[in-house]
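Below you'll find the structure, written out as structure tokens, and then a few comments.
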Amino acid sequence: MKRLGPDDDPDRLYTVTGGRSRSADDHALDLVTLIVAACGPTPGMQSEHARILTLCRRPTAVVEVSAELRLPVSVVRILLSDLLDGGQVTARHPRVPAAAQLPDADLLKEVLDALHRL
């Protein structure tokens, strides 16, 4: 079992999120949602928020932000929601193909059968 380091301390995570276990608004931040800073850090800002704004000067995936900050994704989502609510970052959600854009199931089966015959 992995020992908790200073960045994994539950008390610290509780403090970072202000005791919240989820954000007030559900922004549906996927792991691959790209976050882009709309402004720079300001004096007096929470250090994690400032680090996110610095890190996201270029589009950065939620999972990358989590890795760079060495914080759980759940905590990063709460922090990002704070910044989204304040208009300090924008989120670019991944595109989901519409059902009409997906190939026909019968065509895929024919391709699979043809590959098996090779």
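The values are calculated or read from the model by the stated rules, or taken from the named source; none is laboratory data. What you are looking at is a predicted structure, and each value in this text was computed from that prediction instead of being measured. With ideal geometry, Cβ positions are generated from the backbone for all residues, glycine too; neighbour counts draw on all protein chains shown. For the accessible areas, the whole protein counts, side chains as well, though only heavy atoms, and no ligand, DNA or RNA atoms are used. Shrake-Rupley method; radii C 1.70, N 1.55, O 1.52, S 1.80 Å.
Hey, among the residues in segment 59-113 that are surrounded by fewer than 13 Cβ atoms within 10 Å (Cβ to Cβ) and of a type in the set (Val, Ile, Thr), which one's nearest to ALA37 (Cα to Cα)?
Looking at residues that are surrounded by fewer than 13 Cβ atoms within 10 Å (Cβ to Cβ) and of a type in the set (Val, Ile, Thr), I get VAL96.
Keeping to segment 72-118, report how many residues are among the acidic types (Asp, Glu), part of a helix (DSSP H, G or I) and farther than 30 Å from HIS49 by Cα. If you could, list the steps in order and put the result at the bottom.
The initial filter retains those residues of segment 72-118 that are among the acidic types (Asp, Glu), namely 82, 85, 104, 106, 110, 113.
From what's left, part of a helix (DSSP H, G or I): 82, 85, 106, 110, 113.
Those left that are additionally farther than 30 Å from HIS49 by Cα: 106, 110, 113.
Result for segment 72-118: 3.
Testing CYS56 on (1) open to solvent by 70 Å² or more (accessible area, probe 1.4 Å); (2) at pLDDT 90 or above, one condition comes back false. Which one is that?
Among (1) open to solvent by 70 Å² or more (accessible area, probe 1.4 Å); (2) at pLDDT 90 or above, the lone unmet condition for CYS56 is (1).
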